[in-house]
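The structure appears right after this line, and notes come after that.
Computed from the coordinates by the stated procedures, all read-outs in this text should not be read as laboratory data. Source: prediction; values computed, not measured. Here Cβ is always computed from backbone atoms with ideal geometry, including for glycine, and neighbour counts include all displayed protein chains.
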Amino acid sequence: MVFMSTNYQINHVKFDSKKGLLSDSCQQHLLTYTESRLLTLLLERQNEIVSKEELKTFAWEHTVVTDSSLTKSIAKIRQSLSTYFPNDEIIATVPRVGYRLDLEQTSFAEDKLEHEVETSTVLPSENNVGYQAQKLPFKKSFFIIKQGLLVLSIALLAYSAFNLFRKLPNDYRKFLNNDYSAIDITNNGFTHRIIKPKSFIIPEKIKTILAEKKCNCIFMIDKVGDHYNFSYFNNDTKLGGSLILDEKHLTQELKKIEIEEI
């Protein structure tokens, strides 16, 4: 079985694609689930042009999104990378086609569980002035993969919830599992419906953030361990998405979501 790498090294910067985390010895930047998927595909296809359609299909999967949403997500990734590489434009725009991650070419060996115990890290040569995206040792990657399976299961639940939103009738409560409840919030002429497990108490600051969204939306929120599973669906545009957010950055990331423009 072949796995896509979960850990990358871009010069002095590490990228954990499962956590969506960019980090070096001084700072960290957390990407959203969609941004993390986009950067992962660009890293796997570094120095190649990746079309807009391919990027949208990979990052948003079965959700139809506009080029505008892709452009905004790429801009946010660039902003995060610029804190580490202020003098370099690592993600290049190929007009009317797509994007390309401009890095020093590195050969990627596929991780195969049944044959390889450890994949060697490719180190930069002394004369290498570019940035290299390197795969970290497989033992570390495999440990993170096991942890990532939990995150993946949460993502699958989120995707199921999103598909449910697309089919929910107005009288949706009779279709809810007995372990779930729904809350309606009206603010500034917009109605928000929040679906959650009955055992989960939504923090007031989260309710406030969701109530400020300028859309007629359905939200689903749950907590597994120290991660929040969050899905949203805009009834006006018939589009939405799912995110996995850690507790530390929850409010910050929810404020950044531009649901009104999806």
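In what sequence, highest mean first, do 87-99, 8-20 appear when ranked by Cβ atoms within 10 angstrom? Can you show the working numbers first?
Numbers: 87-99: 13.2, 8-20: 20.4.
So the order, starting with the most tightly packed, is 8-20, 87-99.
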If you average the alpha carbon positions of the range 17-73 and of the range 193-262, how far apart do those two centres end up, in angstrom? 20
Could you go through the range 214-224 in sequence order and give the Karplus-derived ³J(HN,Hα) for each residue, using 6.51 cos²θ - 1.76 cosθ + 1.60 with θ = phi - 60°, rounded to whole Hz, and x for Gly and Pro? 8, 7, 8, 10, 10, 10, 10, 9, 8, 10, 10
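Take the residue pairs Lys52/Lys72; Lys14/Lys196; Lys18/Lys255; Lys198/Lys256; Lys14/Lys213; Lys19/Lys213 and return only those whose Cα atoms are more than 24 Å apart.
Working: Lys52/Lys72 13 Å; Lys14/Lys196 34 Å; Lys18/Lys255 22 Å; Lys198/Lys256 27 Å; Lys14/Lys213 33 Å; Lys19/Lys213 26 Å.
Correct reply: Lys14/Lys196; Lys198/Lys256; Lys14/Lys213; Lys19/Lys213.
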Which order do the peptides 34-44, 195-205 take when ranked by the mean count of other beta-carbon atoms within 10 Å per residue, highest first? 34-44, 195-205
